[in-house]
Structure formats: structure tokens, C-alpha cells
Amino acid sequence: MHQRVTTNLISATVCGRQVPRSMSRRIPHARFLSTNQWTHPTAPSAKYVEPTYTFASAGDKSKVPKAPLLPVYARPEFVLSHGKGSYVWDTEGRKFLDFSAGIAVNALGHADEGVLKVLNEQASKIIHASNVYHNEWAPQLASLLVQTTQREGGLGFATGHQSTTPPSGLQVFFSNSGTEANEGALKIARKVGKERWSLKNKKAWDAAGSECTKTKIVCFENAFHGRSMGALSVTSNPKYQAPFAPLLPGVIVGKLNDMQALEGLVTEDTCAVIVEPIQGEGGIHPAQTEWLVQLRKRCDQVGAVLIFDEIQCGLYRTGSLWAHSSLPVEAHPDMLTMAKPLANGYPIGAILVRDAVASTMTPGTHGTTFGGSPLACAIGHHVLTRLSDPAMTSHISTISTYLVQRLQLLTEWFPQHLEPTVRGRGLILGLGFKDTEAPAKIVGLARERGVFMLTAGKDAVRLVPSLNVGKEEVDLAVDVLEGALTSL
Ligand SMILES: Cc1ncc(COP(=O)(O)O)c(C=O)c1O
């Protein structure tokens with residue numbers, strides 16, 4: 001039994017056929033909706049109530065070869081060998097739908113031909129030469145990041161701003177991961193804080209910084225900013241932090257969206273505030289626009305640097321370049337960190353910084369051996385060019401609408417398990433569960449039915465598929481979720 005749902009996202013005519021707007025331009029490796037009417041089921045699918053795969057148990061019977069790897073991950077008992085698009089296969093030939101995209105990384109899916117071409121061509125020319133020398137690709141990717149931000153909005157630029165040549169107003173530092181990008185951002189904010197404090201207090205600059213009190217950093221409950229010491233210090237989760245204490249001193253943890261607390265939380269002693277516009281690992285919790293406006297205002301009042309961590313929610317995951325691109329400029333940050341999808345799985349991270357803050361950084365104040373390599377940046381340039389294609393953003397919007405509609409049906413069919421509202425936007429979505437044990441069970445049940453999903457925070461299942469995921473994959477993922485929820 002199916003019910004038809006008409007959407008208002010349809011417009012273009014291709015080869016004489018009405019197609020969704022997303023199909024009006026071709027995006028490789030994505031299967032697009034082929035009708036202007038979506039058909040939704042009227043009852044949960046019974047197709048995946050039983051598991052598709054059984055896995056060997058861990059321990060002596062495991063088929064996974066024992067290896068001298070630090071056991072910091074509890075992995076399922078199979079070994080992945082290859083992937084294509086949204087699918088991956090294990091060494092025993094089992095096929096899985098990767099609806100986690102390598103934790104929001106493989107935006108263009110696995111083994112993307114365009115990415116492979118750039119990777120092979122660049123690798124055969126030069127992979128790495130160090131930051132002691134210029135390379136051809138770091139400046140090009142930095143310029144593209146700045147121009148795209150100017151055009152599509154972010155870091156003080158309203159959407160539709162005319163981009164300038166050479167691009168100006170923002171500067172980029174490349175790292176190799178998200179946690180490193182956040183480390184760099186916190187360092188920049190600390191240095192800015194010391195300069196602002198020294199100006200305000202009209203005292204001689206104390207090189208050791210011992211007199212400076214503007215060193216406090218504000219972060220928020222359920223945040224995740226990474227595993228290195230600085231980033232971990234602002235990742236307010238006792239499970240991650242406790243074994244490694246003492247961490248950075250002077251970190252103060254606030255509550256996301258708590259308007260009343262802002263004045264006491266962000267003070268003259270604050271040098272940095274770091275926040276995810278949509279918390280990913282913490283449970284898919286969006287920051288409210290009005291709260292971000294007030295946070296920005298409070299940062300300006302006390303001279304604190306506002307950092308948005310868009311490592312998971314940025315680079316088109318919400319449908320726009322940055323999660324904050326469409327927000328009023330009064331809610332924009334001074335700095336932004338990115339990583340995950342920028343090179344579709346090749347390691348890269350970056351900090352995008354407004355000039356006013358960037359001016360504090362001079363030769364020798366920060367650095368990296370690998371960051372900004374010609375290989376990482378050539379791939380990043382290709383990926384950003386593809387993701388910023390209007391056909392891609394249109395596709396993300398269309399497929400997200402369809403996925404959210406199907407997920408919303410789950411909340412109606414399984415009210416005993418699920419919260420009534422689907423969390424998140426674009427393709428960073430979460431289902432909140434009433435029982436905090438359920439998300440891990442659902443992720444396990446989905447894997448046995450051939451679909452990878454993730455948990456998030458204490459109570460959510462997180463869906464962060466590739467951004468070019470097709471309707472067929474969305475249907476498979478949600479059918480499997482229905483089977484898993486039925487058998488919970
Ligand atoms: C919002 C956010 N910040 C930082 C990180 C850390 O990134 P990485 O694992 O690349 O160090 C993550 C990783 O999940 C993240 O989601």
C-alpha cells in the first residue's frame with residue numbers, strides 16, 4: 001500500500017520529460033528522482049524484519065585477523081575491501097549501503113571517478129613538498145574557499161556578495177584533520193585575546209602572557225571538537241575527557257541555546273567561544289539563530305573570538321556551503337573550522353579566518369608538515385567545485401525533503417520508540433529515541449540488514465549519507481530502519 005505525496009520541488013523539463021529541478025543538470029554517480037510525485041508507504045516495510053547477514057562473533061572464532069592495533073575501537077567482525085558510490089563490500093562479498101559516508105566524509109561517495117582522476121594525476125606529479133615552499137594547489141583551494149564563501153554567504157558575507165579578485169577579507173590555514181583545525185583556531189583566538197587584553201589594559205606586552213586574564217574558552221554541553229588535548233578540552237563529554245585530565249585550564253561549559261546564561265558565560269576574560277551550528281556527535285542539536293545572534297553580540301561586547309566548528313555540518317551537508325551561510329550576518333563567526341568531506345576522504349582540514357583576526361598570525365606562529373599539500377589541495381579543489389555546483393545543492397535539498405518525509409512517518413508509526421520530530425536539516429539528520437539503549441541496538445540491527453548508520457549523543461541515530469545519495473538508497477535505508485524498529 002502506498003500513498004502519493006506531491007512535492008513543490010519540481011520544475012525542469014529534460015528531453016521533454018518533467019523532472020525534479022535536481023535532474024536538470026547532470027551530476028555523476030547519483031540516481032535522481034524520476035517523477036514529480038513521490039510515493040510513500042502507508043505502513044512499515046516488512047522486508048527487513050529478519051537479518052540479511054550474520055557476523056562471526058568476536059574472540060577466538062573471529063574471522064578478522066589479529067593485529068597489533070591499539071584497541072581504541074570496538075569494530076564489527078568483518079573487513080571492508082572496496083566501495084562504489086554509496087555502497088561498500090567486505091572481503092566475504094557482503095554488500096552494505098554506507099548511510100554514514102565514513103562519518104560524514106565521503107560526500108561524493110566511494111571510488112568517485114573525478115576524485116580518482118585528480119588523485120592519480122596529482123600524485124604522479126608531486127604529493128608533498130612541505131610548507132617551506134609554495135605549491136600550485138594550496139593557493140587555488142584557499143581562493144576557492146574564500147570566493148565561494150563570499151558568493152554563498154558566511155563569515156560576515158551575506159549570500160550573493162560579489163566576489164573579488166584576488167579574493168579578500170578571509171584567509172585560510174590548512175591542516176590534516178578536524179581536531180588539528182580546532183587546535184589552530186584555539187591558538188589564534190588565544191593570541192588575539194592577549195593582544196586585545198594588552199591594548200585594553202595599556203600595559204607592556206608580557207611575552208609570557210602571565211598577567212593576561214583574557215584566556216578563558218567557552219564551549220557547550222554535548223559538543224564534539226576532537227581528540228587532541230586542546231580540542232578534547234572543549235569536548236565536554238566526561239567519557240572522552242576524564243581519563244586524560246588535567247586538560248586545558250580555563251574552559252567553561254555552557255548550555256546550547258540558553259539565552260539567559262550568555263552574559264555570565266562570556267565575559268571580559270573570554271578569548272574564544274567555540275560552537276557547532278549543528279552539533280553532530282552530540283546528538284544532532286541545532287543552535288537557534290536568535291541565540292547565535294545574541295552570542296555574536298556578546299562576543300563583540302567583550303572582544304571574544306567566535307569560532308564555528310563546521311567540520312561535520314559544513315561544506316553543503318545542510319544544503320548550503322556553511323550551516324551558517326543563510327543566517328543573518330549578525331550571527332556569523334570570526335573563524336570557521338572544516339575538514340571531513342573537503343577531499344572526500346583524503347585527509348585535510350582547514351581554518352577560515354576573517355582578516356581582522358588573521359592579522360595576528362605572523363611567520364612562525366603556527367605550522368604543520370603535511371597540511372596544505374599539493375595532493376590534498378588538488379583533491380579539495382575538485383571536491384569543492386563539484387559540491388558547489390547548483391545542481392548538487394538542488395539535489396541535496398530534494399533528496400533531504402524526501403528522506404525527512406519518510407523519517408517523519410517512522411516517528412508516527414513507532415511513537416513508543418521515537419521522539420515526534422526528526423532532528424537536523426539537509427543530510428545531517430537524527431532520530432531521537434526515548435530509550436537511550438535503543439540507538440546502538442538499531443545501528444547493530446541495521447548493519448545486520450546491510451546498512452551502515454551511526455549513533456549520536458546519548459539518544460539518537462544519525463544519518464549522514466553521501467550528498468549525492470539517490471532515492472533508491474534512501475528507500476533502502478528507511479526500509480531497513482523500519483525492519484530494525486519492528487524487531488527492536
Ligand atoms: C564537529 C566536529 N569537530 C571536530 C571533529 C574532529 O575531527 P577529526 O576526527 O578529523 O579530528 C569531528 C569529528 O567527528 C566533528 O564532528
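The values are calculated or read from the model by the stated rules, or taken from the named source; none is laboratory data. Note that this is a predicted model, so its numbers are computed, not measured. Don't worry about glycine lacking a Cβ; one is built from the backbone with ideal geometry, like all the others, and counts go over all protein chains shown. When the accessible area is computed, the model is the full protein with side chains, heavy atoms only, and any ligands, DNA or RNA have been set aside. Shrake-Rupley method; radii C 1.70, N 1.55, O 1.52, S 1.80 Å.
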- If you take every DSSP beta bridge whose two residues both sit in the chain, what share of them, in percent to the nearest 5, is antiparallel? 70 percent
- Using R₀ = 41 Å, calculate the FRET efficiency as 1/(1 + (r/R₀)^6) where r is the Cβ-Cβ separation of M259 and H366; round to 0.05. 0.75
- Cα long-axis angle, helix 113-125 against the chain (0 to 90 degrees, to the nearest 10): 50 degrees
- Note on the structure: Using the Kirkwood radius over Cα pairs of segment 106-172, the Stokes-Einstein translational diffusion coefficient at 20 °C and 1.002 mPa s, in µm²/s and rounded to a whole number, is 152 µm²/s
- Note on the structure: Rounded to the nearest whole number, the per residue volume of the convex hull around the C-alpha atoms of segment 124-387 in Å³ is 133 Å³
- Message: Compute the angle between helix 289-302 and the longest alpha-carbon principal axis of the chain, please, reported from 0 to 90 degrees and rounded to the nearest 10.
- Response: 10 degrees
- 10 Å-binned pair-distance histogram of segment 176-294 (Cα, whole percent): 13, 41, 34, 10, 1
- Write down the accessible area per residue of the chain in Å², having rolled a 1.4 Å probe over the full set of protein chains. 44 Å²
- What helix-only [θ] at 222 nm does the chain give? Using -39500 (n - 2.57) per DSSP H run of at least 4, over all residues, to the nearest 500, the answer is -9500 deg cm²/dmol
- With no solvent and one point per C-alpha, what does the Debye sum give as log10 I(q)/I(0) for the chain at q = 0.05, 0.07, 0.09, 0.10 Å⁻¹? -0.19, -0.38, -0.64, -0.79
- Message: Along the Cα→Cβ direction, 7 angstrom out, place labels at Q408 and V302. What is the inter-label distance in nm?
- Response: 4.0 nm
- Out of every Cα pair in segment 345-461, what percent are spaced more than 21 Å from each other? 60 percent
- Query: Within the accessible area of the chain, what % is carbon and sulfur when the probe is 1.4 Å and the other protein chains stay in place?
  - Reply: 56 percent
- Item | Electrostatic dipole magnitude of the chain [Cβ: Lys, Arg +1; Asp, Glu -1; Cα centre; debye, to 20] | 400 debye
- Task: Measure nothing but the geometry: give the 0 to 90° angle between the long axis through the Cα atoms of 390-413 and the longest principal axis through the Cα atoms of the chain, rounded to 10°.
- Result: 60 degrees
- Net charge near A223, counting Lys/Arg +1 and Asp/Glu -1 over other residues with Cβ under 12 Å of its Cβ? -3
- Just by accessible area at a 1.4 angstrom probe, what is the order of F157, F308 from largest to smallest? F157, F308
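Determine the alpha carbon to alpha carbon distance for each of K95/K441; K216/K297; K191/K297; K63/K340; K214/K255 and list only those over 25 Å.
Correct reply: K63/K340.
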- Query: With point charges of +1 on the Cβ of Lys and Arg and -1 on the Cβ of Asp and Glu, referenced to the Cα centre of the chain, which listed residue (P328, A67, A111) lies farthest in the positive direction of the dipole?
  - Reply: A111
